[in-house]
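Everything on this sheet refers to the single structure shown next.
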Amino acid sequence: MAPRIAVVGSINADLVVQMPTLPGRGETVSSAEPAWFPGGKGANQAVAAARMGGDVSMFGAVGTDEPGQMCLTALTQSGVAVDSVQKVASPTSTALVMVEHSGENQIVVADGANQFASFDSDAVASADAVIVQFEIPESVIVEVGKTANGIFCVNAAPVREISDELSGLIDVLIVNEHEFAQLGKPSSGLVIVTAGAAEVVAYENGEVVAKSQPPKVDAIDTVGAGDTFVGAFVVAYASGKSVSDSLDVACAASALSTLKLGAQSGMPTASEVTEFLTSKTT
Ligand code: RIB
């Protein structure tokens, strides 16, 4: 049976601009035509989890505007339940996403409706796994952690200090290498550290318990690759796969997600990941 996953988090409209090289401080660069895509770490992780076979519900907030509707439509089209997403009197949060031709990116988020994110206690309490990120208020994240009975997974991005109260609630912490370095004292449960195209390492109580090397691909856009990793890992882990197998699946899903422009556009389905992993071993 598909694991029931509740994602409580951000929903952003991404304005994506592509350029040969990201601008330096004080520099102006020319871009190709801008394009709007659905994004936000929460929504991206929900889409990734649904495409990987999870039974996913999204909790968060959008404005009553066109970008908000675009984001909700994208979630629905990927099979994510959005009935509990609040429509509030604040604009949908917007991310300016700059992508250079090498695939590297820089992102600025103009916050709006995400500050009003809320969740349904019964749905969170009964989910097999619950995912949060740091684009919604800390008070909401702590409440979610206290309510969750299944696996409570925190993606500490964008990074900020993890309070002792939150730290004690976390079952799985997923961060990238830069976030890991900034955290200083990560939580004591399962901690997974991603590193772009380099090896992913999982620690339990400070000891390495598993590693996985992401497959090599010619990335077009790495925005959302980390979110794909989180969604895919949680579905695999909540389905009963080992940490090691879950890392392999998440690495493959994350690599495949970089092959299209837009955070959610390239996120693969479970069968696409299986096919990809099989082709690597034959
Ligand atoms: O992780 C990628 C996401 O970060 C983008 O979709 C953007 O909205 C920002 O939240």
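Taking every protein chain into account, the accessible area of the chain amounts to 44 square angstrom per residue (probe 1.4 Å).
Share of carbon and sulfur in the accessible area of region 122-196 stands at 49%, probe radius 1.4 Å.
In region 167-264, Cα pairs under 8 Å separated by at least six residues give a relative contact order of 23 percent.
Please build a GNM for the chain, connecting alpha carbons under 10 Å apart, and tell me which residue among 193, 217, 243 fluctuates the most. Result for the chain, Cα springs under 10 Å: 217 fluctuates most.
Just how far, in whole angstrom, is region 110-130 from region 141-217 if you go by their alpha carbon centroids? Using only Cα atoms, the two centres lie 19 Å from each other. Remark: the residue 110-residue 185 segment gains 24.1 nm on full extension, using 0.36 nm per residue and subtracting the alpha carbon distance.
Each residue was assigned an accessible area with a 1.4 Å probe, and for residue 70 the value is about 60 Å².
When the helices of the chain are scored as -39500 (n - 2.57) per DSSP H run of n ≥ 4 and the total is divided over every residue, the value at 222 nm lands at -9500 deg cm²/dmol.
Residues 185, 87, 41, 216, ordered by accessible area of protein heavy atoms at a 1.4 angstrom probe radius and largest first, appear as 216, 185, 87, 41.
The values are calculated or read from the model by the stated rules, or taken from the named source; none is laboratory data. Just so we're clear, the structure is a prediction, and the values are computed from it rather than from any experiment. To get the accessible areas, we keep the full protein, side chains included, count just its heavy atoms, and leave off ligands, DNA and RNA. Shrake-Rupley method; radii C 1.70, N 1.55, O 1.52, S 1.80 Å.
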